[in-house]
Amino acid sequence: MMANSKAKMVKLFSVVTLVCLPLNSVLAQDDFDAYRRQQAEGAQQIKSEFRQYKEQQDREFANFLKGQWSEFQTSQGKVLLKEPEPKQAPIAPPPPPAPGKPVVTAPVVIAPILAPVAPPPPPPQPKPVTVGANEIDILFFGNPVKFSYDPKWKSYRLTGGAKPETMSDFWTVMSGSQYEQTIQSINATRRELKLDDWGYVTLWRDVVRALQPERKSEQNLLLWFFLVKSGYDVRLGYYDNDVFLFVAIKQQVYSTKYTKVNYQTYYAALAEDHGNSIRAFYSYKSDYPTKLNALDIQSASTGFTKPVSAQRELAFDYKGQTIRLSAPYDRRLIEYFESFPQIDFELYFDTDSSSLLRQGLLPQLKKYTSTMDEEEAVNFLLSFVQHAFAYKTDIDQFGYQKCFFIEESIYFPYNDCKDRSVIFAWLVRELLGIKVVGLLYPGHMTTAVELKQVNEGLATILYQGKRFVIADPTYIGASVGMPMPSYAKLQPTRVVEIQ
């Protein structure tokens, strides 16, 4: 009897469960749908409040732009090396013969066997292509980039001259346009290409040039708006009918004019002439309502271009043997570097070459260094840099100071002590795995290497408790441990740590 009652209870429970489950499911689904509606309404409310907040900011900023403009003066850009570099690369005396060995005299080669030639022109840049309604395709260093635009951006014209009311009206027009989707698209390209801050700015420059070709003032207005909306501290200025841009940068920038507004330094790094044509200008005193960030250009990306290969033939004599090498490099990367602001030495020492140069040049040199001991391998690389490149100061080659990235020493027909130190340090680290530091003297940059064994008589410096041997790629014919006589008794004014 109890067994029958228990069976009936189980059966009844099963029936009730089967009846109740769908009802519970319906109730749970209704609750979930209500929750989702509530969340969606909340998200929509947040978006609406945020949109209102941005619109209020833009209205306030546009009002500021109507009247709070003052005149600012520009200052001449500082230089990396205050003292002039040697006009000619000095030649080291031949080393004394080893005891018991005959004296062998050999001519000192002070110029490359292959004379420097003019570098090839940059690859032609295809014109932007309109691919659909309000869409443009551009090529960014070989990478296709598509973005949408508001027709107002292309049709805008700076009429009546540059003045505060015009700038205020421009900001009002732009902030009321459909700019968010374009910024999101450009940011997605940045992430895909892994661009540094300067690469991001350069991408925007290409965008505004596509929108307003041949119209420099309109380009600068658009670039100002998009970079500020992207969170960067860019300041607009004008004088007569010209519109200028100055940008805050975390690092000290050299050979570029600058100004100070509200204790913040701004550089004319976006100007093709480094701001040399800008003397005085008018700008607004007020800051943008939200905090903006300075550009961070402590590193330079090198792997984002679609390479255009070019090649330079190099040759030098080593122990009576003529060694000839082919150095391929990326012409598009050179084009990118040409616009990069000039900052401190660490940037150039720490930036890698293109994969073209790395995979093309290093294996050719490795065939020789792999059979040498450490000191001889350093001497071999010293000889390569000393003799395969022709020396000329920046002032003689460009009319202003410029520090080369690795790739640029292959591209330009001449280099100086700074550039030789950068490419030599790269070769030593990549081929020999030896730590290198840069040494800055008045008017001269050289390097020192950390050898496992330091032979007697080699000139050294002590840095962070470690002994480094002088290795000067500009002192023609000098081997490791031989400093230039004019610097032999001096301590470097600065030691550059190389990562």
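Only the coordinates and a few stated rules stand behind these numbers; no lab work does. Being a predicted model, the structure only gives us computed values, none of them experimental. Cβ: placed from backbone, ideal geometry, glycine included. Neighbour counts: every protein chain shown.
Considering only DSSP beta bridges whose two residues both sit in the chain, what percent are antiparallel, to the nearest 5?
Counting only bridges with both partners in the chain, antiparallel ones make up about 90 percent.
Please work out the FRET efficiency for the pair E374 and V495, using the Cβ-Cβ distance as r and a Förster radius of 30 Å; give the result to the nearest 0.05.
Result of the calculation: an efficiency of 0.90.
Let's see if you can work this out: charge +1 on each Lys and Arg Cβ, -1 on each Asp and Glu Cβ, no other charges. What is the dipole magnitude of the stretch 309-497 about its Cα centre, in debye to the nearest 20?
About 260 debye.
Residues in the stretch 144-158, backbone N under 14 Å from the label point at R215 (7 Å along the Cα-to-beta-carbon vector): list them, ranges by number please.
The answer is 150-158, whose backbone nitrogens lie closer than 14 Å to the label point.
Angle between the Cα long axis of helix 164-175 and the longest principal axis of the chain, 0 to 90 degrees, nearest 10?
Between helix and principal axis, roughly 60 degrees.
I'd like to know which of A390, Q57, T159 lies farthest towards the positive end of the charge dipole of the chain, counting +1 on Cβ of Lys and Arg and -1 on Cβ of Asp and Glu.
With unit charges placed on the Cβ atoms, the residue in question is Q57.
List the relative contact order of the chain as a percent without decimals, with contacts defined as Cα pairs under 8 Å and 6+ residues apart.
17 percent
For the stretch 225-276 and the stretch 418-438, what is the centre-to-centre distance using only Cα atoms, to the nearest Å?
Here the answer is 34 Å between Cα centres.
Which one, Q359, L325, L458, projects farthest toward the positive side of the charge dipole computed for the stretch 309-497 from Cβ point charges (K/R +1, D/E -1)?
L458
What length, rounded to one decimal in nm, is gained on full extension from K54 through to S177, with 0.36 nm per residue of separation minus their alpha-carbon distance?
Extending this stretch completely gives an extra 43.0 nm.
For the stretch 409-480, what is the charge dipole size about the Cα centre, in debye to the nearest 20, if Lys and Arg each add +1 at the Cβ and Asp and Glu each add -1 at the Cβ?
Here the size comes out at about 220 debye.
Compute the angle between helix 417-432 and the longest alpha-carbon principal axis of the chain, please, reported from 0 to 90 degrees and rounded to the nearest 10.
80 degrees
Rounding to the nearest 20 debye, state how big the charge dipole of the chain is about its Cα centre with +1 on each Lys and Arg Cβ and -1 on each Asp and Glu Cβ.
So the magnitude is around 800 debye.
Using the 2.2 N^0.38 Å rule of thumb for compact globular proteins, work out how the stretch 309-497 stacks up: its C-alpha Rg over that value, please.
0.98
Where does the stretch 141-257 land on the Kirkwood hydrodynamic radius, alpha-carbon pairs, in angstrom?
The Cα-based Kirkwood calculation yields 15.1 Å.
Measuring from label point to label point, each 7 Å out along Cα→Cβ, what is the E135 to Q464 span in nm?
Those two pseudo-labels are separated by 5.1 nm.
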